[in-house]
Amino acid sequence: MGRRRGVRRCLTKAPKGTRWYGAKKKGRQQKGVTPDSPIREQEEDGFRGFETSGPMQGDRPLLNCISLFDGISAAYVALTALGIRVGQYFTSEICEPCRRVQERHVPFGVQLGCIEQLTEDVLDSIQVPIHLCIGGSPCASLSRVNPARQGLHSGTGKLFFDFIRVKNYLLRRAEREGYPFYWCFENTKHLDAAVLSEMNRHLRESPVAVCSSEFSAMKRPRYFWGNLKSLSTPRVPGKCCLVLDDFLDHGRTALVKTLGTLTTNQESQRGPGGQLPVSERGVPSYLSITEIERLFGFPAHYTDTGLTSNSTRRAILGRSFCVPVVKVLLEELRLVFQINE
Ligand SMILES: C[S@@+](CC[C@H](N)C(=O)[O-])C[C@H]1O[C@@H](n2cnc3c(N)ncnc32)[C@H](O)[C@@H]1O
């Protein structure tokens with residue numbers, strides 16, 4: 001984490017309305033490397049990160065976000081893909097390879113480290129209004145898929161309560177100071193009924209279930225809670241017409257139309273009969289990292305920081321949000337915050 005550690009050091013650096021990147025980068029954006037470009041266009045010249053610059057409009061604020069359990073900053077990718085101009089982006093994350101990905105793609109982000117260390121003092125030292133608190137706590141201790149799960153009150157399961165604590169503190173502050181505050185919490189859909197009911201009680205909401213199969217050629221059934229309209233109105237799931245072939249590297253052919261849930265384990269790519277998903281020159285093969293990146297809604301090479309092995313890249317992707325899912329849930333924020341025109 002090194003030089004980015006100090007919260008206060010970074011907080012004074014963003015005068016309202018100031019562009020976060022140098023003027024040079026505008027040209028790069030015009031070249032076609034923008035969040036909204038089709039995936040393959042973004043790859044033409046190698047992915048170099050997103051832009052948040054653009055013309056000012058009205059009196060809308062830039063959106064300041066805190067992303068708890070940020071992983072590889074899928075929330076930031078979704079916000080910028082929506083054209084929302086992000087002022088400050090605070091993250092809580094302990095995984096070093098994830099933090100390297102964050103540093104590469106959100107160079108102005110402020111890394112706050114372990115969520116358990118986000119005390120009221122630390123939160124008070126954030127002197128800008130936080131408009132969005134988003135996060136999905138680790139689900140390994142909670143998922144029915146894990147026979148050794150420890151539940152909500154031990155292991156990583158209990159980090160759920162840190163989300164509640166931080167979110168409630170920031171919500172109270174926003175109410176007191178009178179600015180818009182949105183929150184979104186994500187977790188696996190494979191929860192025991194008792195765990196789900198306890199989570200609902202603490203979040204004071206019931207979740208909405210969204211599966212990435214609406215947007216990608218893979219399943220990822222997830223619950224989302226929050227105070228966004230997208231999470232409080234009944235939802236009609238969309239139908240996705242994309243198939244695995246649409247996400248593959250050149251010269252490779254899909255052996256299946258769609259995939260199950262990709263996890264940190266490479267074997268999760270196999271179909272119910274154990275078959276591998278892709279064929280290359282007639283030989284069955286696992287997905288490449290770039291294929292997984294596209295399936296999750298990232299541009300190819302997004303997790304390549306030069307220091308991260310393929311198995312680590314696969315693991316951090318296997319824990320990530322599916323970007324188009326988060327994008328659809330956050331869409332209404334385009335009406336509240338500055339957007340690129
Ligand atoms: C389910 S993943 C969320 C990934 C993220 N939503 C994304 O899109 O990449 C949970 C994340 O919580 C992180 N984590 C685990 N313990 C943590 C802690 N004490 N403080 C902050 N983050 C933690 C893990 O490293 C992991 O990246």
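Of note:
- Among residues of the stretch 111-140 that are on the phi > 0 side of the Ramachandran plot and without any contact (Cβ under 8 Å) to a residue 12 or more places away in the chain, none has a Cβ under 8 angstrom from a residue that is charged (D, E, K, R) and near the ligand (Cβ under 8 Å from one of its atoms) at a sequence gap of 6+ or on a separate chain.
- When each of 259, 231, 330 is tested for being modelled with pLDDT under 95, within 21 Å of residue 139 (Cβ to Cβ) and either within 21 Å of the chain's Cα centre (by Cα) or surrounded by fewer than 17 Cβ atoms within 10 Å (Cβ to Cβ) (or both), the lone residue that passes is 231.
- Any hit, the stretch 319-332, residues being of a type in the set (S, T, N, Q), out of contact with any strand residue (DSSP E or B) (no Cβ under 9 Å at 6 or more places or on another chain) and within 14 Å of the ligand (Cβ to nearest atom): yes
- Qualifying residue in the stretch 63-83 (condition: within 12 Å of the ligand (Cβ to nearest atom), of a type in the set (Ser, Thr, Tyr) and not in a strand (DSSP E or B)): yes
- Matching residues in the stretch 144-183 - criterion: being of a type in the set (S, T, N, Q), over 19 Å from residue 129 (Cβ atoms) and free of Cβ contacts under 8 Å to residues at least 12 places away in the same chain: 146, 150
- If you check 174, 194 for being touching a Pro at 6+ places or on another chain (Cβ under 9 Å), surrounded by fewer than 20 Cβ atoms within 10 Å (Cβ to Cβ), in a helix (DSSP H, G or I) and not basic (Lys, Arg), only one passes: 174.
- For residue 264, the test of being surrounded by 14 or more Cβ atoms within 10 Å (Cβ to Cβ), polar (S, T, N, Q), over 30 Å from residue 60 (Cα atoms) and within 16 Å of the ligand (Cβ to nearest atom) is passed.
- Selection status of residue 149, surrounded by fewer than 22 Cβ atoms within 10 Å (Cβ to Cβ) and at pLDDT 95 or above: no
- Options 58, 54; residue that is more than 22 Å from residue 294 (Cβ to Cβ), touching an Asp or Glu at 6+ places or on another chain (Cβ under 9 Å) and modelled with pLDDT under 95: 54
- Residue 223 vs. criteria in contact with a His (Cβ under 9 Å, 6 or more places away or on another chain) and surrounded by 20 or more Cβ atoms within 10 Å (Cβ to Cβ): no
- Hits in the stretch 202-258 - residues which are part of a helix (DSSP H, G or I) and closer than 23 Å to residue 168 by Cα: 202, 203, 229, 230, 231
- Any hit, the stretch 111-129, residues being within 12 Å of the ligand (Cβ to nearest atom), touching an Asp or Glu at 6+ places or on another chain (Cβ under 6 Å) and in a loop (DSSP other than H, G, I, E, B): no
- Of all the numbered requirements in (1) surrounded by 23 or more Cβ atoms within 10 Å (Cβ to Cβ); (2) in a loop (DSSP other than H, G, I, E, B); (3) without any contact (Cβ under 8 Å) to a residue 60 or more places away in the chain, residue 59 misses one, and that requirement is (1).
- Residue 311 vs. criteria of a type outside the set (Val, Ile, Thr) and in a helix (DSSP H, G or I): yes
The values are calculated or read from the model by the stated rules, or taken from the named source; none is laboratory data. Just so you know, these numbers come straight off a predicted model, no measurement behind them. With ideal geometry, Cβ positions are generated from the backbone for all residues, glycine too; neighbour counts draw on all protein chains shown.
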